[in-house]
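**Q** One structure, as structure tokens, below. Some questions next.
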């Protein structure tokens with residue numbers, strides 16, 4: 001993940017994130033609980049698009065499709081160290097985002 005070098009941009013981004021959290025009713029405790037949940041349910045399988053499955057519940061459609069096409073689910077199995085890192089979704093598709101700090105929201109081009 002890239003780092004924000006510009007200190008002013010970093011501060012504006014933090015302000016924007018705090019506003020969005022307030023607007024959506026998300027607390028720091030909510031974020032902590034989400035992180036704990038993610039760490040407790042690390043993915044066992046991941047495809048090139050970043051779809052993941054932790055092996056709980058029904059097999060997801062993306063993995064069923066691959067299996068029905070003759071691809072072994074083991075092909076998508078990730079190691080413990082890989083399950084902690086997420087490939088950037090930008091590899092799957094290109095999206096341009098422009099942050100507008102003077103208005104509410106993110107505009108997409």
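**Q** Mind listing just one residue for me: the one in region 1-40 that is in contact with a strand residue (DSSP E or B) (Cβ under 9 Å, 6 or more places away or on another chain) and either touching a residue at least 60 places away in the same chain (Cβ under 8 Å) or within 21 Å of residue 73 (Cβ to Cβ) (or both) and, of those, surrounded by the most Cβ atoms within 10 Å (Cβ to Cβ)?
**A** For region 1-40, the residue satisfying everything is 16.
**Q** Taking the residues in region 41-61 that are over 14 Å from residue 79 (Cα atoms) and out of contact with any helix residue (DSSP H, G or I) (no Cβ under 9 Å at 6 or more places or on another chain) as candidates, determine which candidate is surrounded by the most Cβ atoms within 10 Å (Cβ to Cβ).
**A** Restricting to residues being over 14 Å from residue 79 (Cα atoms) and out of contact with any helix residue (DSSP H, G or I) (no Cβ under 9 Å at 6 or more places or on another chain), the top hit is 60.
Readers should treat all values here as calculations from the given coordinates under stated rules, not as data from a laboratory. None of the values given here were measured: they were computed from a predicted structure. All Cβ positions, even for glycine, are placed from backbone atoms using ideal geometry, and neighbour counts span all protein chains on display.
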